[in-house]
Amino acid sequence: MRDRKLSIPSDFTWGVATSAYQIEGGRFEGGKGESIWDRFADEGRMPESGDVACDHYHRWPEDVALMRELGVDAYRMSLAWTRILPDGVGPVNQAGVDFYRALFEALLDAGVTPWVTLYHWDLPQALQDRGGWASRETAGAFSRYAEVASDVFGDLVTNWITHNEPWVAAVVGHIDGAFAPGIQDWGIGLRAAHHILLSHGLAVEAIRANQPDAKVGIALDCRVSQAASDAPEDVAAARHFDGFRNRWFFDPVFGKGYPADMIDAYHRRGRLEEPRLPFVVEGDLETIATPMDFLGLNYYAALSIGAGNEESGDTGVPESSSPPPGYTDMGWPVTPQGLTEYVRHLDETYGPASIVITENGAAYSDAPDDEGRVGDARRIDYLDAHVAAVAAARDGGVPVDGYFAWSLLDNLEWTSGYGLRFGLVWVDHATGERIPKDSYFWYRDVIEASRG
Ligand code: FCB
């Protein structure tokens, strides 16, 4: 392990991350309403469902104990909107509130600060039935949900993340159609992206109004775009990919509006009837750019982009059970250098007050050996290189103040099922048994060492 004592200060936030649909289960318990992922699974559009998942709904005391032993400062988790407001807008479901309150209290007792994501893609189905994110009303519903959540949990939670990965929710959910709600329509996708971003700004305002001392941010995902060659068509493709994948979200959140080159490009490609965005109402861009306390960045990989790939989805090639060296089981390349470069770029371009790596991790399928030990050396290498990349960025003066490993537990990797394992803790999905992997103990040591 490299020596990073000098560049990672003792008040750096070390954490682990999960999301509700991927771990909770308890689908029919505690008055939970139906979400678009419940519906997606019921329609057979994914191989496995989150009905049980890691059974965290029942096993959460064990998971809190795992975090206490790990020594993390913070736990990034998401609320299932449908546990709090089963139909998205109507009355508050007290059983859902009680479930999360008990969890937050146990976390705080264990010395672990909750960082709560409001939306990790699981829209109430009742709102989808009324148009979902394509409808501007959903932004208003989200704002009320943020108000309710900060009201009922504000005494226990001060760190809030409005949305997780708006690109995935908008594009994979509404253009590519691979994720819930499974729509394939560019017009709807761009509209959904806008309403998600608008709802982010509205939620920041709603949380602040309830809780003046709250720390609020968003978790944006990225794929760093590297031109496959110096050829002009590859350079142009890489620029387009960066616009499609990254700038379309980062620019408006930081007050630069939607990128003009991409509006033109989408118009030329027939995705917009005119070179303008008809769904943007006066004042929206100001709302979207409401100042935040931190930028959350989910970083997994940098990609080499050439002509023809400029709008590639990158859900990986999970079919390959033995990835080539340099790739994870997701089919994503291992590119730690891209993390250092990208946070430097974000710092120079947007100047966020603080950057927190809200997700970073790798899928590898290592299972327990005969002694019950999970030797996941490749995950340790991956995490070590990325933590070093954060330290290098800090050395260069970039304000990266926290790092959350994805994920605490092997969980439901969306449409890829339970076979893709990102956890520091191995989970037997038949019995629910948890076994900390070697990477768990490695991470515990890194955290302890950084505290001196
Ligand atoms: C991110 C998601 C997270 C998980 C990881 C592997 O895109 O936010 O839920 O699936 O990828």
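The values are calculated or read from the model by the stated rules, or taken from the named source; none is laboratory data. Remember, predicted model here, so these are calculated numbers, not experimental data. All Cβ positions, glycine included, derive from the backbone under ideal geometry; neighbour counts span all protein chains shown. Note: areas computed on protein heavy atoms with side chains; ligands, DNA, RNA excluded. Shrake-Rupley method; radii C 1.70, N 1.55, O 1.52, S 1.80 Å.
Annotated for the chain: lysine pairs at least 8 residues apart or interchain, Cα distance under 30 Å, count 4. Using heavy atoms of the protein chains and a probe of 1.4 Å, the accessible area assigned to Val112 is about 0 Å². Summing Lys and Arg as +1 and Asp and Glu as -1 over all other residues whose Cβ lies under 11 Å from the Cβ of Ala363 gives a net charge of -2.
Determine the relative contact order of the chain: mean sequence separation of Cα pairs under 8 Å and six or more apart, normalised by residue count, in whole percent. It would help to have the intermediate numbers written out before the result.
Numbers: 924 pairs, mean separation 80.8, N = 452.
Result for the chain is 18 percent.
All other residues with a Cβ under 14 Å from the Cβ of Ala231 taken together, and with Lys, Arg as +1 and Asp, Glu as -1, what is their net charge? Mind showing how you got there, number by number?
Working: positive: Arg239; negative: Asp230, Glu233, Asp234, Glu310.
Every neighbour counted, the sum reads -3.
Across the range 13-451, the volume of the C-alpha convex hull divided among the residues equals 135 Å³ per residue. Highest mean first, the peptides 207-214, 234-241, 246-253 sorted by other C-beta atoms within 10 Å per residue fall in the order 246-253, 234-241, 207-214.
Could you give the length gained on full extension between Ile435 and Ser229, defined as 0.36 nm per residue of separation minus the Cα-Cα distance, in nm?
On the way: separation 206, 0.36 × 206 = 74.16 nm, distance 4.42 nm.
Contour length minus the Cα-Cα distance gives 69.7 nm.
Count charges around Gly154 for me, please; just the other residues with Cβ under 13 Å from its Cβ, Lys/Arg as +1, Asp/Glu as -1. Residues close to Gly154 contribute a combined charge of -1.
For the range 376-381, putting each phi into the Karplus relation 6.51 cos²θ - 1.76 cosθ + 1.60 with θ = phi - 60° gives couplings of 9, 4, 5, 5, 4, 4 Hz, in residue order, rounded to whole numbers and with x for Gly and Pro.
Across the range 418-424, coupling constants 3J(HN,Hα) worked out from phi with the 6.51/-1.76/1.60 Karplus curve, θ = phi - 60°, read 8, x, 8, 9, 9, x, 7 Hz, and Gly and Pro carry x. Amide H to amide H distances under 5 Å link Ala227 with Ile305, where only residues 5 or more positions off or on other chains count and H is placed in the peptide plane. Can you classify the range 186-338 as rounded, prolate or oblate using the Cα gyration tensor, where a ≥ b ≥ c are the square roots of its eigenvalues, rounded means a/c under 1.5, and otherwise it's prolate if a/b beats b/c and oblate if not? Because a/c hits 1.5 or more and a/b fails to exceed b/c, the range 186-338 counts as oblate. Amide H to amide H, with H built 1.01 Å from N, Glu433 comes under 5 Å of Asp428, counting only residues 5 or more places away or on other chains. Solvent-accessible area of Leu66, all protein chains in place: 20 Å² (probe radius 1.4 Å, heavy atoms, ligands and nucleic acids excluded). Taking each DSSP H run with n ≥ 4 as -39500 (n - 2.57) and averaging over every residue of the chain yields -11500 deg cm²/dmol at 222 nm. Residue by residue, the range 102-110 carries 3J(HN,Hα) couplings of 4, 5, 4, 5, 5, 4, 4, 4, 7 Hz when phi is fed to the Karplus relation 6.51 cos²θ - 1.76 cosθ + 1.60 (θ = phi - 60°); x denotes Gly or Pro.
Here's how it looks for Trp115: its modeled amide H is under 5 Å from those of Tyr75, Arg76, Met77, which are all 5 or more places away or on a different chain.
Quick check: with the 1.4 Å probe, what order do Arg269, Arg223 take by accessible area, largest first?
On the way: Arg269 105, Arg223 10 Å².
Sorted by accessible area, descending: Arg269, Arg223.
At a 10 angstrom cut-off on C-beta neighbours, averaged per residue, how do the peptides 132-139, 358-365 rank from highest to lowest?
Numbers: 132-139: 20.9, 358-365: 23.6.
For the peptides 132-139, 358-365, the packing ranking is 358-365, 132-139.
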